[in-house]
Amino acid sequence: MIKVGVTGSNGFIGWHLCRTIELNTYKFELIKFKRDWFNENSNLDSFVSKCDIIVHLAGLNRHSEESIIYDTNVDLAVKLVDSFIRKGFKGHVIYSSSIQEERNNTFGNSKKVSRELFANWANQYNATFHGVIIPNVFGAFGVPYYNSVVSTFCHQLVNNEIPQIETDVTLNLIYINDLIKNIIDLFNTESKNNFIIGYSDIYKVSEILELLTKFKNKYFENGQIPSFKNQFEINLFNTFRSYFNLNTHFPIKYKNNIDERGNFVEIIRLEIGGQVSFSTTKKEITRGNHFHTRKIERFSIIKGKALIQLRKIGTSEVFNYYLSGEEPAYVDMPIWYTHNIKNIGEEELYTMFWINEFYDANDPDTYFEKV
């Protein structure tokens, strides 16, 4: 069992890395870290001594005083290196640097100096080190006005604000899931070279905003699943969905067309394919208690009464949605939210499920965890 410690575990990249490590408990054990420990030598040393691999992600991206960015990032690196020396640590260190290194700005310079500190330590003490140089990262739960322009645009659009483009530059992008896979692949790499993570997509800022605006108009406002030209657009769509206010957005009632013959409800408008399923659920039975990291899924209640519950992985807040076939409605499942559905009525529950890809037993993207 490889013991992995992650500094900056509550940040955007750190959250995704820790959750992915936790999905692989047969390979890895995640060692807990707290930011305060940088100022507590005993706790920092204890953390270092427990780890086989340390991924250093903690740092500062933005601040009104640029000198604080530089001082903070370099200081964190110095404190870690000092702890490595005190404890005789000779494990594997992975450090997240940035393509900003080549732009000679305060943030980029702080990352470069920090990377060189780790590299010098590794050379002197014969340890394994990777300085990972990362392009622009986007994905679910990024912090608006901090992590990326994608995060900012998503936040603005779902809050009915009007995004503004300051400079329509071209961005080299990598999706958070792909970045995490690259980092984990390094766990078993013993070479001591810097590792430049390649970008997977190139888009102008205006092109990203155009796609996100389409998602808002079609999906956020009308519940329609848009077409996707490539995997980037699916990744961007799942990123966009992560910014919804789940306290107010779901459940969404369908238009129920009623006449003398009965009723007719349009379940979903699709510009893509996928898989449609139907289930009946007996009284007091619960289905689900699992989550997905990439799939788009909709639960539609046709008959009976249901409780649908969602909880973001790594948190305790549970979102409860009460639906009834008397007022047909749906809830969509965000990625990284474990979810279930329970029959809380007196009759059988009828549910229609849509998911954007066929079920593949060899790659199910389905992880079981109780809400």
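Here are some notes:
- In segment 1-20, the qualifying residues are those that are under 13 Å from the mean Cα position of the chain (by Cα), modelled with pLDDT of 95 or more and not small (Gly, Ala, Ser), and the one that is nearest to LEU186 (Cα to Cα) is LEU17.
- Failed item, numbered, when ARG62 is tested on (1) more than 20 Å from ASN188 (Cβ to Cβ); (2) in a helix (DSSP H, G or I): (2)
- In the set (1) touching a Gly at 6+ places or on another chain (Cβ under 6 Å); (2) in contact (Cβ under 8 Å) with a residue 60 or more places away in the chain; (3) more than 21 Å from LYS370 (Cβ to Cβ); (4) among the β-branched types (Val, Ile, Thr), the condition left unmet by ILE302 is number (2).
- Evaluation of GLU207 against (1) part of a helix (DSSP H, G or I); (2) touching a strand residue (DSSP E or B) at 6+ places or on another chain (Cβ under 8 Å) (one fails), failing number: (2)
- Some residue of segment 204-218 being of a type in the set (D, E, K, R), at pLDDT below 95 and either exposed (fewer than 13 other Cβ atoms within 10 Å of the Cβ) or not assigned by TED's automatic domain parsing to the domain that holds PHE12 (or both): no
- Matching entry among ASN147, ASN182, ASN160 (being surrounded by fewer than 18 Cβ atoms within 10 Å (Cβ to Cβ) and closer than 30 Å to ASP52 by Cα): ASN182
- So ILE268, is it surrounded by 15 or more Cβ atoms within 10 Å (Cβ to Cβ) and not in a strand (DSSP E or B): yes
- Of everything in segment 120-143 that is under 21 Å from SER98 (Cβ atoms) and without any contact (Cβ under 8 Å) to a residue 60 or more places away in the chain, the residue that is surrounded by the fewest Cβ atoms within 10 Å (Cβ to Cβ) is ASN120.
- Pairing residues of segment 215-234 that are free of Cβ contacts under 8 Å to residues at least 60 places away in the same chain and closer than 22 Å to ILE202 by Cα with residues that are of a type in the set (Gly, Ala, Ser) and not in a helix (DSSP H, G or I), at Cβ distances under 8 Å and at least 6 apart in sequence or on separate chains, gives PHE232/SER200.
- With respect to the stated conditions, ILE94 is buried (at least 20 other Cβ atoms within 10 Å of the Cβ), among the aliphatic types (A, V, I, L, M), in contact (Cβ under 8 Å) with a residue 12 or more places away in the chain and not assigned by TED's automatic domain parsing to the domain that holds PHE220.
- Sole residue being part of a helix (DSSP H, G or I) and either touching a residue at least 12 places away in the same chain (Cβ under 8 Å) or out of contact with any Pro (no Cβ under 6 Å at 6 or more places or on another chain) (or both), chosen from ILE54, ILE69: ILE69
- Residue count for segment 120-169 satisfying the condition of being under 21 Å from TYR203 (Cα atoms), within 23 Å of the chain's Cα centre (by Cα) and not in a helix (DSSP H, G or I): 17.
- Condition check for ILE301: at pLDDT 95 or above, of a type in the set (A, V, I, L, M, F, W, C), over 16 Å from LYS342 (Cβ atoms) and not assigned by TED's automatic domain parsing to the domain that holds ASP178: no
- Hey, ILE183 touching a residue at least 60 places away in the same chain (Cβ under 8 Å), in a helix (DSSP H, G or I) and assigned by TED's automatic domain parsing to the domain that holds ILE94 or not: yes
- Cross-chain or 6+ apart pairs with Cβ under 7 Å, segment 8-23 first and polar (S, T, N, Q), then assigned to a loop (DSSP other than H, G, I, E, B): SER9/PHE33
- Any hit, segment 223-231, residues being under 27 Å from VAL137 (Cα atoms), assigned by TED's automatic domain parsing to the domain that holds ILE302 and outside any strand (DSSP E or B): no
- Restricted to segment 1-49, and to residues there that are assigned to a helix (DSSP H, G or I) and of a type in the set (Lys, Arg), the residue that is farthest from VAL78 (Cα to Cα) is ARG19.
The values are calculated or read from the model by the stated rules, or taken from the named source; none is laboratory data. Remember, it's a predicted structure, so these values are computed and weren't measured experimentally. As a convention, Cβ positions derive from the backbone with ideal geometry for all residues, glycine included, and neighbour counts pool all protein chains shown.
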